[in-house]
Every structure is written in C-alpha cells, then in structure tokens.
Amino acid sequence: TGVQTCALPILHSYLRFAALAADGARPYDRARDGVNPGEGGAVLLLERAADARARGATIYGYLAGVGRGGDDRPRVGYARPGEPPAVTGAVTAIQRALAEAALDPRELTYIAGGGDGGAVERLETAALRAALGVAADQAPISSVLGLCGQSMASAGLRVIAALRALASGVAPGTTGCLDPDPDASLPGLLLRPQALRTDGSGRGAALVPILAMGGGNVALILTRD
C-alpha cells in the first residue's frame, strides 16, 4: 500500500503535464509521446571481489568506474523552454567514469540507455555525443524501459540489464521503438536483441548513464572481468 500511495501523486503529476504515453512508451522513436509507468524492484549486491570469491558467489560483473557531475536543470523536465539541454555535468560524469575504469570510449561494449519515451532522450543523446566523441556512433545502445516501464528508480533495472548483457553476450532490444528519431538516439540503437561484439580481450564494458531531472548525473562503468 505504501508503494501504491506514493505512485498516485506521481501518476497525477504525469497526467497534469501530459507526459504519459497514450498507448505504451516508444523510447527513442519519432512518435514517442510520453512515459509508461512501471512497477518492480531491483536488488544488487555490491561487495569486494575477494570476499565474493571467498564465499563462492557467482560474480556477474565488476563496478570499474563511477563518475558524478551536476547540471543546472529545472526540477520538471530536462531543459528550459527555448534552451538546449544542459549537459556539461553529464559529460563530466561519463568521462570521469571512463577515466576511473581506464577505458577508452571505443572499448565500450554496450550502453544501457535511459530512453523511456520522455524528454531524457535528447539530453542523453547530446551528453553521450559530447562525452564519447566518434565512439558515440559505434557503441550499441538500447533501453529496457519500453518493456518494464519507468519506475522512477529504473537505474537499478538498467544496471541489471547491463550486467545480464555482459554475462550472456547478448544486448536487449528497445521495445516500442519502430522509427528511431535521429535527434534523440544514436546510430547504434538496437531495436531487437543482438550479440555483442568483442575485442578479443573478453573484458566487455557497459556504460550506464543516469541523468536526473533536477541536474544530478551519475555514470557507471561495469565490466565482465
């Protein structure tokens, strides 16, 4: 009941701002018209690698890099009317995570995007282009939020999707996207599941960009080995 009580004002807010999808979310699509609320949970256990090995745990991946950066954005929406989205802090977060992981952007195996049919997609695309340079045109990216909905804490679901992609070698597709918007998506957008490329090292690396409406940005780099 606590979750239901909390969800009601969120749904009301989405309705008031005409931000709910009319018939399911269409992430990164030209015809996207809003988000599709979701429910669910994600549980992640983060511990030292040595401790996990000592207890015989199955290790799905490693947190290799974390980056943070702030932007001046309004609390509602991702850009002020008539202004481009502020991405300086988002770029900083992504580049710091890459630097901590000692990873070249061209080595990214997968990007677990935050596309949900809403305004975050233009912001995310602009930030990734600025942070990754030419590598932004090569990296496979998709979003699972068209399938499971936007739960307001979907970063955990995207981390799990990224770990699963690294472990299985197959990235998920983007449910609901039929006609990608070139202004709000990257060329590597996956519309259906696809095997991930490898560089021969077997390491595999996924980027999870987490960009909040209010201006907070966090980026995570996950590796398979």
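How many residues are in contact with a helix residue (DSSP H, G or I) (Cβ under 9 Å, 6 or more places away or on another chain), modelled with pLDDT of 95 or more and surrounded by fewer than 12 Cβ atoms within 10 Å (Cβ to Cβ) when one looks only at the range 49-89? The number of residues fulfilling the criteria is 0. Residue-level check: of (1) closer than 24 Å to Val35 by Cα; (2) open to solvent by 20 Å² or more (accessible area, probe 1.4 Å); (3) among the aliphatic types (A, V, I, L, M), Ala130 misses just (1). Apart from one condition, Ala162 fits all of (1) open to solvent by less than 30 Å² (accessible area, probe 1.4 Å); (2) farther than 30 Å from Leu45 by Cβ; the exception is (2). Is it the case that the range 160-171 has a residue that's in contact (Cβ under 8 Å) with a residue 24 or more places away in the chain and among the hydroxyl-bearing types (Ser, Thr, Tyr)? No, every residue in the range 160-171 fails to be in contact (Cβ under 8 Å) with a residue 24 or more places away in the chain and among the hydroxyl-bearing types (Ser, Thr, Tyr).
Being aliphatic (A, V, I, L, M) and open to solvent by 70 Å² or more (accessible area, probe 1.4 Å) narrows it down to one of Leu44, Leu20, so name that one.
Going through Leu44, Leu20 in turn, just one is aliphatic (A, V, I, L, M) and open to solvent by 70 Å² or more (accessible area, probe 1.4 Å): Leu44.
Residue count for the range 139-150 under the criterion of being out of contact with any helix residue (DSSP H, G or I) (no Cβ under 7 Å at 6 or more places or on another chain), touching a residue at least 40 places away in the same chain (Cβ under 8 Å) and either under 27 Å from Val76 (Cα atoms) or surrounded by fewer than 17 Cβ atoms within 10 Å (Cβ to Cβ) (or both): the result is 7.
Residue-level check: of (1) under 23 Å from Leu63 (Cβ atoms); (2) hydrophobic (A, V, I, L, M, F, W, C); (3) open to solvent by 70 Å² or more (accessible area, probe 1.4 Å), Ala206 misses just (3). Arg55 meets the conditions (1) farther than 24 Å from Gln194 by Cβ; (2) touching a residue at least 40 places away in the same chain (Cβ under 8 Å) in every case but one. The failed one is (2).
The values are calculated or read from the model by the stated rules, or taken from the named source; none is laboratory data. Note that the structure is predicted; figures quoted are calculated from it, not measured. Virtual Cβ from ideal backbone geometry, glycine too; neighbours counted across all protein chains shown. Note: accessible area is taken over every heavy atom of the protein model, side chains too, but ligands, DNA and RNA are not part of it. Shrake-Rupley method; radii C 1.70, N 1.55, O 1.52, S 1.80 Å.
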